Every structure is written in C-alpha cells, then in structure tokens.
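*Asks:* Take a look at the following structure, please.
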Amino acid sequence: MQAHIVTLPGDYIGPEITAQAVKVLEAVANKYGHTFTFDERKLGGASIDAYGVPLTDETLDACNAADAVLMGSVGGPKWDGVAPAVRPEKGLLALRKGMQVFANLRPCTIHPQLSAACPLRPDIVSQPIDIMILRELTGDIYFGKRWRAEDRLSATDEMAYSAMEVERLARIGFEMAKKRRGKLCSVDKANVLECSRLWRETVQRLSAEYPEVEVTYMYVDNAAMQLILRPAQFDVMITGNLFGDILSDESAAIAGSLGMMPSASLGSGTRGLYEPIHGSAPDIAGQDIANPLGTILSGALLLRHSLGLEDEAKAIERAVSQVLDEGYRTADIFSAGCTKVGCTQMGDLVAARI
Ligand code: NAD
C-alpha cells in the first residue's frame, strides 16, 4: 500500500526519537512491500523559532491531508518566556483540535522483561496485563465555562457532555473490544454526576448493538482502586476527559517506564495522531540516550489504526519484545546484566529485527 505520513519531531529529544520510529517504519515498508512517504514539519518550539507560532496553518493543512501524523514531543525551557498564547503546548492543543481527534488511546502493557519496573507486587501482575484506556479528549470539565465570584472566594467549573460526544467515543471502544478480548468497562461517577448518568445511559443503549461485547460499569473511584488491585481484569476501558486524564497516568505508572508508552488520538475517520506519552526530556536531549521505544510503538499503533496493517503493527511489537529479550536497554530502563545502548542503536536494533 501507499501511505503519506507527516512527521512532527518537535523539540529537545523529539527529533532523536522520531528519527528512530521513521527508521523502523521504513524497515516495515521494505519488508512488506509498502511505500510510505514522510513529510517532516515543525511543531511547538521549533515552529516558534522558525515562524513565530507553535503551529502554522500550512502544517495543520498538511496533517489533515496525510494518512497519519507521527509526533515526537514539544516544549521545554527555551520557550518558558514566550507569551502564553504562543507557548509550544498550544501548538499541540491546536493540532488535536484542528485534526478533530476526540479519542485518546493509551495502551497499558507490562513487558515481562521490564516487570521489575512495575511498582505492583509480582502476584498482582502474574497474569498478562494488556489494557486499552480510551479517554474522551474534547469535552468534559476541561472545555466548560469557568468563573470566579466577584469576591474571589468561590469558583465554578462547568462539566458538560452531549450524547453524541459519548456515543462516538463509545463506538470506538466497542469496535476495539470486538477485536480484542471482547470486554468493555465504562467508567463514570453516575451515582453523583448528571453527565455520568447521560454517559452510562448512552453506553447502555449502544451495547444492544454489540451483543458480543461484555460490558461492565464502574465508578471511577473503584476503577482507580481496581487498576492497582486486579489490573488483569481489564480489556478496554472507556471514560471521560477528566477521569481518563487521571486513570491513564495511573496506568502509565503501573507499566513503570515512561519511555516505553505509546499513544494514539483518533477522530471519526482513520486519520490519527500518534505520539509517545512522555515530554521532550530537556535534561537528556542531544546525548543520544533517550528511549525511542514509546515512539516506535506509537508507529505500530499508526499502522494498526490508521493504515489497517495489523500484521505489520505486530511485527514492530514483536521486534521490540525481541530486543528486550536479548537484553538491550536504554539508560532509563537499564538494570544489571543488560547491555546499555543509545537511542540510535536501539532504533537500529528494532529495525534490524523487522
Ligand atoms: P518529560 O516526560 O519530558 O520528562 C520527565 C522525566 O522522564 C525526565 O527525567 C526525562 O529525562 C525522562 N524521560 C522522558 N522521556 C524519556 C525517554 N524517551 N527516554 C528516557 N527518559 C525519558 O516531562 P517534563 O520534564 O515534565 O517536561 C519537559 C517538557 O516536555 C515540558 O516543556 C513539558 O511541557 C513538555 N511535555 C510535552 C508533552 C508532549 O509533547 N506531548 C508531554 C508532556 C510534557
């Protein structure tokens, strides 16, 4: 197949890790007879330096014309002094909005080779942990009205959801559950919040269309606890923006290594935005020691969700697993007895195993 991918390396370690993911995607294209074209653009601080804004209209147009977008990370101390309206992170928010991506996918897998990095007791993670958290990205309390009383002594933030917003997110969750282990857990606070009651009613209504998916409903406080106590019970979890923000970071802590975690943001079509969950790590930039695996695994999500190339996605995930099996580690996941490698070498090792 032919696919056109826009890359947005961004700032600090962004270009180092993105280059490794591109290298691996090129290895996939060679092995499986695909043609991927890459169009590199600037985002965040790099774009501020070049054009005075963190995202240009031309870059957004290029992203919306591509099959998929692969991003590194943006921001860092160099741009701390810029006006709030043009901060690097604003470029990322504008990109998500401009691409109309509303579902954030955060897989949480514990690589058995890195189980020592998991803070949970070994008996809790003795069964495989493979959770997909789907967080709604464009609604909820983050986008409602907010105000402060005249005396400045009380404040209000409005939480709002429409059935349409819940339905389009939930549909992605049901479709994903169908392709995985057939289980969907919808997380809300329906015992208290009206938005959550709408959320639950909408998911219940949709569930009639997906009889093959087993649906459970969980209050968010219990879900936060269950993720720690019995993480293996979860397959796909769907939740709103606020609860998802918290639960997805909790799941990242369970997996134990920030540098390993990929993410995807999807809209109603197949086009998506793929990025590691970590930031631009200014403290280690320019030393070729960053872990590129979160970005490489984001490339696997890109193949799976935007290009429909499941075998190729699995090939990347297998190659990463093989490199870990062979004992290669970047500094952030290094432990005694392993072989320490840099960012570029890690990219080379994964590409060679495709
Ligand atoms: P960070 O994720 O960049 O770094 C936190 C710690 O993890 C650092 O010690 C860093 O060295 C380490 N780390 C992160 N990624 C790593 C990798 N791939 N390999 C090895 N070690 C890694 O978080 P921060 O320091 O709070 O933020 C730095 C900048 O990144 C800030 O400007 C922040 O706004 C921005 N940021 C961007 C994104 C994004 O682009 N999506 C996300 C979060 C933070």
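The values are calculated or read from the model by the stated rules, or taken from the named source; none is laboratory data. What you see is a predicted model, and the numbers here were worked out from it, not measured in a lab. For neighbour counting, all protein chains shown are included, and Cβ atoms are generated from backbone atoms with ideal geometry for every residue, glycine included. Accessible surface areas use protein heavy atoms only, side chains included; no ligands, DNA or RNA. Shrake-Rupley method; radii C 1.70, N 1.55, O 1.52, S 1.80 Å.
*Asks:* Could you look through segment 325-354, keep only residues that are part of a helix (DSSP H, G or I) and not hydrophobic (A, V, I, L, M, F, W, C), and pick out the one that is nearest to Ala117 (Cα to Cα)?
*Replies:* Looking at the filtered set, the residue picked out is Asp332.
*Asks:* I would also like to ask the following. I'm told Ile228 meets every condition in (1) of a type in the set (A, V, I, L, M); (2) in contact (Cβ under 8 Å) with a residue 40 or more places away in the chain; (3) closer than 30 Å to Asn64 by Cβ except one. Can you identify the failing condition by its number?
*Replies:* It fails just one condition, (3).
*Asks:* For segment 108-130, name all the residues that are buried (at least 21 other Cβ atoms within 10 Å of the Cβ) and either farther than 20 Å from Cys338 by Cβ or among the aromatic types (Phe, Trp, Tyr) (or both).
*Replies:* Cys108, Ile129, listed by residue number.
*Asks:* Still on this structure: Run Ala50 past the list (1) open to solvent by less than 40 Å² (accessible area, probe 1.4 Å); (2) hydrophobic (A, V, I, L, M, F, W, C); (3) without any contact (Cβ under 8 Å) to a residue 24 or more places away in the chain and report the number of the one that doesn't hold.
*Replies:* Unmet condition: (1).
*Asks:* Check off (1) touching a helix residue (DSSP H, G or I) at 6+ places or on another chain (Cβ under 7 Å); (2) open to solvent by 10 Å² or more (accessible area, probe 1.4 Å); (3) within 11 Å of the ligand (Cβ to nearest atom); (4) not polar (S, T, N, Q) for Ala331 and give me the number that stays unchecked.
*Replies:* (1)
*Asks:* Looking for something under 18 Å from Asn104 (Cβ atoms), more than 11 Å from the ligand (Cβ to nearest atom) and not charged (D, E, K, R) - is there at least one such residue anywhere in segment 304-312?
*Replies:* Checked against the condition, which is being under 18 Å from Asn104 (Cβ atoms), more than 11 Å from the ligand (Cβ to nearest atom) and not charged (D, E, K, R), segment 304-312 yields at least one hit.
*Asks:* Only one residue in Ser321, Ser251 is touching a residue at least 40 places away in the same chain (Cβ under 8 Å), away from the ligand (no atom under 13 Å from the Cβ) and over 17 Å from the mean Cα position of the chain (by Cα). Which one?
*Replies:* Ser321
*Asks:* Continuing with this model, one more query. Let me confirm something: among Ala46, Ala19, which residue is within 14 Å of the ligand (Cβ to nearest atom), under 19 Å from Leu301 (Cβ atoms) and at pLDDT 95 or above?
*Replies:* Details: Ala46 fails: under 19 Å from Leu301 (Cβ atoms).
Of Ala46, Ala19, the one residue that is within 14 Å of the ligand (Cβ to nearest atom), under 19 Å from Leu301 (Cβ atoms) and at pLDDT 95 or above is Ala19.
*Asks:* Does segment 233-255 contain at least one residue that is modelled with pLDDT under 95, in contact with an Asp or Glu (Cβ under 8 Å, 6 or more places away or on another chain), at negative phi and of a type in the set (Ser, Thr, Tyr)?
*Replies:* No, segment 233-255 contains no residue that is modelled with pLDDT under 95, in contact with an Asp or Glu (Cβ under 8 Å, 6 or more places away or on another chain), at negative phi and of a type in the set (Ser, Thr, Tyr).
*Asks:* Could you look through segment 244-266, keep only residues that are surrounded by 19 or more Cβ atoms within 10 Å (Cβ to Cβ), in contact with a Phe, Trp or Tyr (Cβ under 9 Å, 6 or more places away or on another chain) and not polar (S, T, N, Q), and pick out the one that is farthest from Tyr328 (Cα to Cα)?
*Replies:* The residue in question is Leu266.
*Asks:* Looking for whichever is loosely packed, with under 11 Cβ neighbours inside 10 Å and modelled with pLDDT of 95 or more here; the options are Arg135, Arg152, Arg168. Which one fits?
*Replies:* The match here is Arg152.
*Asks:* Let me ask something additional. For segment 262-288, how many residues meet the condition of being within 9 Å of the ligand (Cβ to nearest atom) and modelled with pLDDT of 95 or more?
*Replies:* The qualifying residues number 9.
*Asks:* Ok, one more. What pairs come up if the first residue lies in segment 287-309 and is in contact (Cβ under 8 Å) with a residue 40 or more places away in the chain and farther than 19 Å from Ala255 by Cβ, the second is acidic (Asp, Glu) and assigned to a helix (DSSP H, G or I), and their beta carbons are under 7 Å apart, counting only those six or more places apart or on different chains?
*Replies:* Asp288/Glu16; Leu303/Glu312
*Asks:* Would you check if there is a residue in segment 76-99 being surrounded by 16 or more Cβ atoms within 10 Å (Cβ to Cβ), β-branched (Val, Ile, Thr) and either touching a strand residue (DSSP E or B) at 6+ places or on another chain (Cβ under 7 Å) or assigned to a helix (DSSP H, G or I) (or both)?
*Replies:* no
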